[in-house]
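Here is the structure we will look at, set down as structure tokens.
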Amino acid sequence: MAIRERLSGNEAVAYAIKQINPDVMPAFPITPSTEIPQYVATYIANGEIDTEFIHVESEHSAMSATIGASAAGARALTATSSCGMALMWEELYVAASDRLPIVLALVNRALTGPININADHSDSMGARDTGWIQIYAESNQEVYDNFLQAYPIAENKDVHLPVMICQDGFITSHGVENILLVEDDKAKAFVGEYEPEHYLLNEKEKMAVGPYAVSNYYMETKRAQRQAMQNAKKVILDVAEKFESMTGRKYGFFEEYRMEDAEYAIVIIGSAAGTCKAAIEKIRKETGKKVGLLKIRVFRPFPEEEIAEALKGMKAIAIMDRSEMFAATSGPLGAEVRAALYQAKSEAEVVNYFYGLGGRDITVEDFEQVYANLEEMAKTHTVKDMYKYIGLRDKEEM
């Protein structure tokens with residue numbers, strides 16, 4: 001029987017870490033992820049797990065130590081947010097190119113500047129091309145479930161890439177929700193033991209990790225990383241299927257909400273999907289209009305063909321970004337979804353909006369207005385306000 005609990009998102013991640021009992025966790029505190037290493041350190045102090053916790057002097061050192069532990073053959077992880085991730089930027093590329101199955105608990109927070117401690121996706125979206133798998137959660141339940149699935153994905157022999165498990169700062173990280181926990185023995189069996197094939201402390205094999213790559217070899221390394229990312233798509237679905245058989249909770253690349261007959265769709269990542277679902281139910285009940293939601297769970301590897309197929313037949317689509325890209329095309333999610341739709345020769349009208357930057361609230365009424373805009377776009381075949389910021393305080397375009 002599942003264990004019923006009430007936990008914050010940070011507590012849920014820490015509990016998953018306790019169940020996994022990894023070998024090494026280097027970490028440096030930063031809001032709003034600080035609680036994760038704090039809870040883990042408490043588990044260690046109480047003798048509940050035997051993870052080696054390393055107190056480091058910065059986030060750069062945290063990822064460096066995590067890389068070193070993983071290269072040595074340990075199951076390793078760390079946690080961070082925002083500027084902490086920015087400080088470990090160099091090491092993110094190292095972890096991915098060294099093909100180390102590290103897991104990072106990322107609590108999404110806006111990057112400076114100006115200084116802000118609230119949720120948006122500028123930290124993880126800025127790292128979208130570092131070679132890490134990225135999986136996002138709407139709720140505390142999802143971030144717990146995603147974390148349990150992270151190591152089986154990362155450590156698969158066809159993947160061997162680091163995985164970033166993302167949740168929205170304060171919204172889920174500190175908000176308390178009802179949650180169903182997997183029993184300890186089942187969680188441990190699901191994740192399994194880590195048995196690396198090649199590692200630095202293997203006395204029977206001489207090897208180097210992260211050597212200098214001259215021009216004759218560098219490109220092949222990147223091609224191998226790309227292949228691993230492509231392989232990860234099948235592994236992510238296979239692990240999700242195993243997880244569903246254990247818990248009954250189904251996961252994939254994305255969630256389709258009321259999409260079976262939808263004509264107007266929103267594409268979004270993270271906790272705001274819950275508010276969008278409430279708007280969908282309100283609109284359908286009051287007007288009968290066929291509105292739906294595609295909530296992206298896996299952003300890397302990007303499921304281009306699957307997303308285009310899920311959005312086939314839509315009259316109009318709004319892609320909602322919680323991160324600026326300052327590009328002529330759109331935000332990061334908008335750019336990739338629009339490219340997928342273009343490649344699939346979609347005839348839907350498509351608009352990209354920015355919302356929730358720096359923790360700005362988005363409401364049911366905001367989503368109702370977005371759906372109304374989509375209906376108007378479908379009628380007029382005219383896309384207005386491609387770069388509109390939802391909920392902008394002065395109501396003037398910038």
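The values are calculated or read from the model by the stated rules, or taken from the named source; none is laboratory data. Everything numeric here is computed off the predicted structure, so don't read it as measured data. Cβ: placed from backbone, ideal geometry, glycine included. Neighbour counts: every protein chain shown.
Farther than 30 Å from Thr221 by Cβ, in the same structural domain as Gly9 (by TED's automatic domain parsing) and within 20 Å of the chain's Cα centre (by Cα): which single residue out of Glu138, Glu155, Glu183 fits that description?
Numbers: Glu155 fails: farther than 30 Å from Thr221 by Cβ; Glu183 fails: within 20 Å of the chain's Cα centre (by Cα).
The unique qualifying residue is Glu138.
What residue, of Asn373, Asn352, is assigned by TED's automatic domain parsing to the domain that holds Glu304 and out of contact with any Gly (no Cβ under 7 Å at 6 or more places or on another chain)? Break it down into steps so the answer makes sense when it comes.
Details: Asn352 fails: out of contact with any Gly (no Cβ under 7 Å at 6 or more places or on another chain).
Answer to the selection: Asn373.
Can you confirm whether region 324-332 contains a residue that is polar (S, T, N, Q) and within 26 Å of Ile236 (Cβ to Cβ)? Give the steps one after another, and end with the answer.
If we filter region 324-332 for residues that are polar (S, T, N, Q), which is where we start, we get 329-330.
If we keep only those that are within 26 Å of Ile236 (Cβ to Cβ) too, we end up with 330.
Yes, because at least one residue in region 324-332 is polar (S, T, N, Q) and within 26 Å of Ile236 (Cβ to Cβ).
Go through the residues of region 28-49 one by one and say whether even a single one is surrounded by 16 or more Cβ atoms within 10 Å (Cβ to Cβ), of a type in the set (Val, Ile, Thr) and either part of a strand (DSSP E or B) or modelled with pLDDT under 95 (or both).
Taking every residue of region 28-49 in turn, none turns out to be surrounded by 16 or more Cβ atoms within 10 Å (Cβ to Cβ), of a type in the set (Val, Ile, Thr) and either part of a strand (DSSP E or B) or modelled with pLDDT under 95 (or both).
So for region 105-112 (the condition being touching a residue at least 24 places away in the same chain (Cβ under 8 Å) and surrounded by fewer than 24 Cβ atoms within 10 Å (Cβ to Cβ)), does at least one residue qualify?
Taking region 105-112 first, the residues touching a residue at least 24 places away in the same chain (Cβ under 8 Å) are 105-112.
If we keep only those that are surrounded by fewer than 24 Cβ atoms within 10 Å (Cβ to Cβ) too, we end up with 111-112.
Looking through region 105-112, at least one residue is touching a residue at least 24 places away in the same chain (Cβ under 8 Å) and surrounded by fewer than 24 Cβ atoms within 10 Å (Cβ to Cβ).
Identify all residues within region 1-27 that are farther than 23 Å from Tyr194 by Cβ and in a strand (DSSP E or B); write none if there are none.
Step one: filter region 1-27 for residues farther than 23 Å from Tyr194 by Cβ, giving 1-11.
Across region 1-27, the qualifying residues are Ile3, Arg4, Glu5, Arg6, Leu7, Ser8.
Check Tyr217 against each of (1) out of contact with any Phe, Trp or Tyr (no Cβ under 7 Å at 6 or more places or on another chain); (2) at pLDDT 95 or above and name the one condition it does not meet.
Failed condition: (2).
Being in contact with a strand residue (DSSP E or B) (Cβ under 7 Å, 6 or more places away or on another chain) and modelled with pLDDT under 95 narrows it down to one residue among Lys395, Lys388; which is it?
On the way: Lys395 fails: in contact with a strand residue (DSSP E or B) (Cβ under 7 Å, 6 or more places away or on another chain).
Being in contact with a strand residue (DSSP E or B) (Cβ under 7 Å, 6 or more places away or on another chain) and modelled with pLDDT under 95 holds for just one of Lys395, Lys388, which is Lys388.
For region 65-79, check the following and say yes or no: at least one residue is assigned by TED's automatic domain parsing to the domain that holds Phe170, closer than 26 Å to Pro196 by Cα, part of a helix (DSSP H, G or I) and not small (Gly, Ala, Ser).
For region 65-79, residues assigned by TED's automatic domain parsing to the domain that holds Phe170, closer than 26 Å to Pro196 by Cα, part of a helix (DSSP H, G or I) and not small (Gly, Ala, Ser): present.
Looking for whichever is small (Gly, Ala, Ser), modelled with pLDDT of 95 or more and within 20 Å of Met125 (Cβ to Cβ) here; the options are Ala76, Ala71, Ala95, Ala62. Which one fits? Reasoning before the result, please.
Values: Ala76 fails: within 20 Å of Met125 (Cβ to Cβ); Ala71 fails: within 20 Å of Met125 (Cβ to Cβ); Ala62 fails: within 20 Å of Met125 (Cβ to Cβ).
So the residue among Ala76, Ala71, Ala95, Ala62 that is small (Gly, Ala, Ser), modelled with pLDDT of 95 or more and within 20 Å of Met125 (Cβ to Cβ) is Ala95.
Quick one: which of Ser97, Ser82, Ser70, Ser64 is surrounded by fewer than 24 Cβ atoms within 10 Å (Cβ to Cβ) and more than 18 Å from Arg300 (Cα to Cα)?
Testing whether each residue is surrounded by fewer than 24 Cβ atoms within 10 Å (Cβ to Cβ) and more than 18 Å from Arg300 (Cα to Cα) leaves just Ser64.
Suppose we keep only residues that are in contact with a Ser or Thr (Cβ under 7 Å, 6 or more places away or on another chain) and surrounded by 23 or more Cβ atoms within 10 Å (Cβ to Cβ) within region 113-129. Which one would you say is farthest from Ile268 (Cα to Cα)? Before you say what the answer is, go through the steps one by one.
Let us first name the residues in region 113-129 that are in contact with a Ser or Thr (Cβ under 7 Å, 6 or more places away or on another chain), namely 117, 120-123, 125.
Restricting the remaining residues to those that are surrounded by 23 or more Cβ atoms within 10 Å (Cβ to Cβ) gives 120-123, 125.
Working: Asp120: 12, His121: 11, Ser122: 14, Asp123: 17, Met125: 13 Å.
Restricting to residues being in contact with a Ser or Thr (Cβ under 7 Å, 6 or more places away or on another chain) and surrounded by 23 or more Cβ atoms within 10 Å (Cβ to Cβ), the top hit is Asp123.
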